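Participant: Input: one structure, supplied below.
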Amino acid sequence: MPKITIAIDGYSSCGKSTLAKALAAKLGYAYVDSGAMYRCITLYSLEKGLIKDHSFIEDEIIKIIPELQLSFEFNPITKLSETFMNGKNVEKEIRQMIVSENVSKISAIKAVRTRMIMIQRELGKNGGIVMDGRDIGTNVFPSADLKLFMTADPDIRTQRRLDELTSKGQFPTFLEVKQNLLSRDYEDTHRHENPLTQAKDAIVLDNSDLSREQQLEFVLRLIHDLTLKVD
Ligand code: C5P
């Protein structure tokens, strides 16, 4: 079976990474969480004191881009890929609300996107990859073999995200999480640089009423049909 490229885009907290990880594990592919990369530059900017009260100076952020070394390492205990920034495991820190509240502004900076997209294309140059994000099928890999565009009811997304944060020891309110999801969706779909849009050849997957197993089965069937054609 040829190794294909799978691009998954969609709104915040639609379960893109859950599906992407399950697909990568099932197919023996690499998984890249492109959102984690934008979260890292946001975390680094916060650590450097370059973001204050949700505002920042773009030129200062652009200057620190070359300092950022990003890598993903497979954790044999959790069996998940974890994000490393300048040699440190930041998987937990990049999921904090303070990072979520600022990441869409930082990811809209042109120079930030140019650098991240370069790394993403390098990681995916040999195929056999599942990458999730906001512009993977439209911009990073416009020739991806399979493009999915994921969506789900905002209240269901909020509850899923809240459950995830609670399980990690963070306790924001339902409203705080919902407002964050909706404002990120707004910023991500309205920015000038590579906004979130549905690629013309993407398959829409609304998983509001689907279990994880059902959505995985649905996509594996798509891949099966597709690879028969690619073979
Ligand atoms: O996927 P996740 O929710 O962790 O992404 C965090 C943020 O990173 C998104 O809200 C978006 O602003 C940005 N992002 C992006 N392009 C991508 C992936 C994520 O702009 N390909």
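The values are calculated or read from the model by the stated rules, or taken from the named source; none is laboratory data. Since the model is a prediction, treat every value here as computed from it, not as a measurement. Cβ: placed from backbone, ideal geometry, glycine included. Neighbour counts: every protein chain shown. For accessibility, only protein heavy atoms count, side chains too; no ligands or nucleic acids. Shrake-Rupley method; radii C 1.70, N 1.55, O 1.52, S 1.80 Å.
Participant: Dipole magnitude of the chain about its Cα centre, charges +1 at Lys/Arg Cβ and -1 at Asp/Glu Cβ only, in debye to the nearest 20?
Facilitator: 360
Participant: Gain in length, LEU222 to ASN75, computed as 0.36 nm per residue apart minus the alpha-carbon separation, to one decimal in nm?
Facilitator: Length gained between LEU222 and ASN75: 50.0 nm.
Participant: Subtracting the Cα-Cα distance from 0.36 nm times the residue separation, let me have the gained length for GLN179 to ASP153 in nm, one decimal.
Facilitator: Values: separation 26, 0.36 × 26 = 9.36 nm, distance 1.38 nm.
Difference between extended and current length: 8.0 nm.
Participant: If I take the Cα coordinates of segment 164-231 and project them onto the principal axes, what are the three extents in Å, biggest first?
Facilitator: For segment 164-231, the Cα spread along each principal axis is 47, 34, 20 Å.
Participant: Can you give the translational diffusion coefficient of segment 1-139 in µm²/s, computed by Stokes-Einstein from the Kirkwood radius over Cα pairs at 20 °C and 1.002 mPa s?
Facilitator: It diffuses with D of about 138 µm²/s by this estimate.
Participant: Then there is this: If you scale each eigenvalue of the Cα gyration tensor by 5 and take the root, what three semi-axes come out for segment 90-173, rounded to whole angstrom and sorted largest first?
Facilitator: Result for segment 90-173: semi-axes of 27, 17, 13 Å.
Participant: I would also like to ask the following. What aspartates and glutamates could a cross-link reach from LYS229, if we take a straight Cα to Cα line under 12 Å and drop same-chain neighbours fewer than 8 places away?
Facilitator: ASP145
Participant: So in the chain, what percent of DSSP beta bridges are antiparallel if you round to the nearest 5?
Facilitator: 35
Participant: Give me the one-decimal nm value for the distance between modelled label points at LYS168 and LYS125, 7 Å along each residue's Cα-to-Cβ direction.
Facilitator: Each label point lies 7 Å from its Cα, and together they span 3.1 nm.
Participant: Placing +1 on the Cβ of each Lys and Arg and -1 on the Cβ of each Asp and Glu in the chain, which of GLY15, TYR44, ALA199 has its Cα farthest towards the positive end of the resulting dipole?
Facilitator: My answer, from the dipole projection, is TYR44.
Participant: Over all distinct Cα pairs, what is the inverse of the mean 1/r for segment 89-231, reported as the Kirkwood hydrodynamic radius in Å?
Facilitator: 17.0
Participant: Order the following by accessible area, largest value first: SER71, SER55. Probe radius 1.4 Å; ligands, DNA and RNA are ignored.
Facilitator: Putting SER71, SER55 in descending order of accessible area: SER55, SER71.
Participant: If amide hydrogens are placed 1.01 Å from N in the peptide plane, which non-local residues have theirs closer than 5 Å to the one on SER81?
Facilitator: Answer set, sorted by chain and number: ASN75.
Participant: Related question: If contacts are Cα pairs under 8 angstrom and at least 6 residues apart, what is the relative contact order of the chain in percent?
Facilitator: Computed over the chain, the figure is 34 percent.
Participant: So which residue, out of THR78, THR166, THR158, gets the largest mean-square fluctuation from a GNM of the chain using Cα contacts under 10 Å as springs?
Facilitator: Evaluated over the chain, the most mobile residue of the options is THR78.
Participant: Sort ASP201, ASP132, ASP209, ASP153 by accessible area with a 1.4 Å probe, largest first.
Facilitator: Sorted descending by solvent-accessible area, the residues read ASP209, ASP201, ASP153, ASP132.
Participant: Measuring from label point to label point, each 7 Å out along Cα→Cβ, what is the LYS48 to ILE65 span in nm?
Facilitator: If labels sit at LYS48 and ILE65, their model points lie 1.2 nm apart.
Participant: What is the extension gain from LYS229 to GLU58, computed as 0.36 nm multiplied by their sequence separation minus the C-alpha to C-alpha distance, in nm to one decimal?
Facilitator: Stretched out fully, the LYS229 to GLU58 stretch lengthens by 56.9 nm.
Participant: Follow-up. Check the straight Cα-Cα distances from LYS168 and name the lysines below 28 Å, setting aside those fewer than 8 residues away within the same chain.
Facilitator: LYS16, LYS21, LYS26, LYS48, LYS52, LYS79, LYS88, LYS92, LYS105, LYS178
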